[in-house]
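Beneath this line is the structure, given in structure tokens, with notes to follow.
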Amino acid sequence: MRLRLGHPLSTVIAVVGVLALAGVIAVGITHLGFLRSGHRTPFVTWTLIAWAVFVIAVLALRSVPARLVTIIVLGGALVVGLAALVGPPNTSTDSARYAWDGIVQNAGVSPYAHTPQSEALAHLRPDWLFPDKVNGTCDNLKPRLHGLGDGADGHCVAINRVDVPTIYPPLAEMWFALVRLVVPTTAQYMPFQVAGLLVSLGVTVGLLVVLRRLGRPAWWAALWAWSPLVASEAVTNSHVDVLGAALATAGAVLVAFGRPIWGGIALGAATAAKLIPAIVYPPLLGRWRHWWAIPVGIAVFGLLYVPYVITTGAKVLGYLPGYLTEEGYEDGSRFALVSLVTEGDAGTVLVGLLVLAAAVVAWRLSDPARPWSGEVLMIGVTFLAVTPRYPWYALLLIPFVVLSGRWEWLSIALAIALRGVWPSVDAYRWWLGAAVLVIVVVTLVRTDRDDWLRWRDRLVPSRMRRPRPAPMSRDVSSQP
């Protein structure tokens, strides 16, 4: 869909639109405060308004002269990113754990060795992460802060799950240490927010470069650069998933462009930042020489664990097993769509089969030189099967939407974003159902018969297909 406007008007709408988006983001961060159970409706409204303005701005950008698009995309990315910096995290406290893990590591202690509650690390606690109780309680500081739980020192804490060790893989921990290495312990959330902005801007530049090489319009990069989800989760809440998404995108691009060794290094690092980028592999394996990315990625992943295994041993798994149980991954209770069919262990098995099927289809259908649509299919189907409840997971999807041009899959990102501010399973099912409907309808409209036949031939080689019976011939000469 293209807005048929004159170039000057399109340019004005695009520029005003991205400025308005930055304003919406800044107002939400400064006026809605931290997400509270009684204030979810304003957050949903804010999310929908931001996405509506975003869509209008991007549609207008499509009609802007090509010579201006790159400048507007980059300028808009910077403005939206700066707007996302105007306040502390507003829907998540994960970056408080990032800061603590970084502080602990820079003091020479493994982040897997102790919980934040441990008295062994009490001397490292900064006041902004562990403030004193007010009148003997943390009630006035909720929900951003809560009781430390050790019953010994009268402190509150901003870190969630203070009674368990960290959950994050080794590259994430190295990232936390690096960001905190260059700032004093009194620095609060801003260091990770600035780091998130720099990474997200780097992804924007990288997408612009790749789009130019692919011969596709530069405006597609705005789907990442101006995305409200990127602004919220990569910058404001500064989730480490942005690092995993950046490395996964770089790895996929390098493999597709004939650099499987370097691509494998990037993919291994991405998986060591956040485990979910491992699902990026299957669509890349259409050529045998691309398979080098797998052993290289596994080797990099293992090597990054070595320093922590040496210092901490088996504790490097941290809280990961407990987290999987807590989130319902082991018994299948957390799968919003699959649970409509089956629950428990059967639900977990069904999810595994769906993800495996998506991997096979993405592998068979993907063009090795341009695997972007296969990546979108792989990631999107995985999200529909697993139904993550946290919006930052969707950061992995957006770069491949940009590279593939399959904009309809952004509807999954919006559904997950809404789930993050309105934790209703029933509502989430409706939002995901609407996303599936959008994807199916748009796919059917844009796909012609030749595409279906080509996909059939890739999935089912000719030697495996049942030949059609030859039509019966009629001997005309024998007719009376």
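Rundown of residues vs (1) farther than 13 Å from Arg180 by Cβ; (2) more than 22 Å from the chain's Cα centre (by Cα); (3) in a loop (DSSP other than H, G, I, E, B); (4) modelled with pLDDT of 95 or more, yes/no style:
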residue: Gly87; (1), (2), (3), (4): yes, no, yes, no
residue: Asn90; (1), (2), (3), (4): yes, no, yes, no
residue: Tyr98; (1), (2), (3), (4): no, no, no, yes
residue: Pro116; (1), (2), (3), (4): yes, yes, yes, no
residue: Ala120; (1), (2), (3), (4): yes, yes, no, no
residue: Asp127; (1), (2), (3), (4): yes, yes, yes, no
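Can you name the residue in region 401-443 that is β-branched (Val, Ile, Thr) and either in contact with a Ser or Thr (Cβ under 7 Å, 6 or more places away or on another chain) or not in a helix (DSSP H, G or I) (or both) and, of all such residues, is farthest from Leu59 (Cα to Cα)?
Within region 401-443, the subset β-branched (Val, Ile, Thr) is 401-402, 412, 416, 421, 425, 436, 438-443.
Adding the requirement that they be either in contact with a Ser or Thr (Cβ under 7 Å, 6 or more places away or on another chain) or not in a helix (DSSP H, G or I) (or both) leaves 421, 438-439.
Details: Val421: 26, Val438: 18, Ile439: 19 Å.
Among residues in region 401-443 that are β-branched (Val, Ile, Thr) and either in contact with a Ser or Thr (Cβ under 7 Å, 6 or more places away or on another chain) or not in a helix (DSSP H, G or I) (or both), the one farthest from Leu59 (Cα to Cα) is Val421.
Here is a check on your reading of the model: is Ser238 outside any helix (DSSP H, G or I) and either surrounded by 24 or more Cβ atoms within 10 Å (Cβ to Cβ) or in contact with an Asp or Glu (Cβ under 7 Å, 6 or more places away or on another chain) (or both)? Talk me through it step by step, then tell me what you get.
Details: outside any helix (DSSP H, G or I): yes; either surrounded by 24 or more Cβ atoms within 10 Å (Cβ to Cβ) or in contact with an Asp or Glu (Cβ under 7 Å, 6 or more places away or on another chain) (or both): yes.
Yes.
Given the conditions (1) in a loop (DSSP other than H, G, I, E, B); (2) modelled with pLDDT of 85 or more, and given that Thr311 satisfies all but one, which numbered condition is not satisfied?
(1)
Do the conditions hold for Ala218, that is, is it surrounded by fewer than 23 Cβ atoms within 10 Å (Cβ to Cβ), in contact with a helix residue (DSSP H, G or I) (Cβ under 7 Å, 6 or more places away or on another chain), modelled with pLDDT of 95 or more and under 21 Å from Leu59 (Cα atoms)?
Spelling it out, Ala218 is indeed surrounded by fewer than 23 Cβ atoms within 10 Å (Cβ to Cβ), in contact with a helix residue (DSSP H, G or I) (Cβ under 7 Å, 6 or more places away or on another chain), modelled with pLDDT of 95 or more and under 21 Å from Leu59 (Cα atoms).
Suppose we keep only residues that are in a helix (DSSP H, G or I) and of a type in the set (Ser, Thr, Tyr) within region 241-284. Which one would you say is farthest from Ala96 (Cα to Cα)? Write out each step before concluding.
Keep residues of region 241-284 that are in a helix (DSSP H, G or I), which gives 241-256, 260-273, 276-280, 282-284.
When the remaining residues are screened for being of a type in the set (Ser, Thr, Tyr), the result is 249, 271.
On the way: Thr249: 26, Thr271: 22 Å.
Per the criteria, the residue is Thr249.
I'm told Ile29 meets every condition in (1) assigned to a helix (DSSP H, G or I); (2) farther than 24 Å from His146 by Cβ except one. Can you identify the failing condition by its number?
(2)
State which residue pairs qualify: first residue part of a helix (DSSP H, G or I) and inside region 375-396, second residue among the charged types (D, E, K, R) in any location, beta carbons under 7 Å apart, and separation of 6 or more residues or different chains.
Val376/Arg406; Pro391/Glu233; Trp392/Glu233; Trp392/Asp241; Tyr393/Asp241; Leu395/Glu233; Leu395/Asp241; Leu396/Asp241
With the condition kept exactly as written, say whether any residue in region 357-369 is within 23 Å of Ser92 (Cα to Cα), surrounded by fewer than 23 Cβ atoms within 10 Å (Cβ to Cβ), at pLDDT below 95 and under 21 Å from the mean Cα position of the chain (by Cα).
no
Only one of (1) of a type in the set (S, T, N, Q); (2) over 30 Å from Val15 (Cα atoms); (3) surrounded by 15 or more Cβ atoms within 10 Å (Cβ to Cβ) is not met by Thr70, so which one is it?
Every condition holds for Thr70 apart from (2).
The values are calculated or read from the model by the stated rules, or taken from the named source; none is laboratory data. Note that the structure is a prediction, hence the values are computed from the model and not measured. Backbone-built Cβ (ideal geometry, glycine too); neighbour counts: all protein chains shown.
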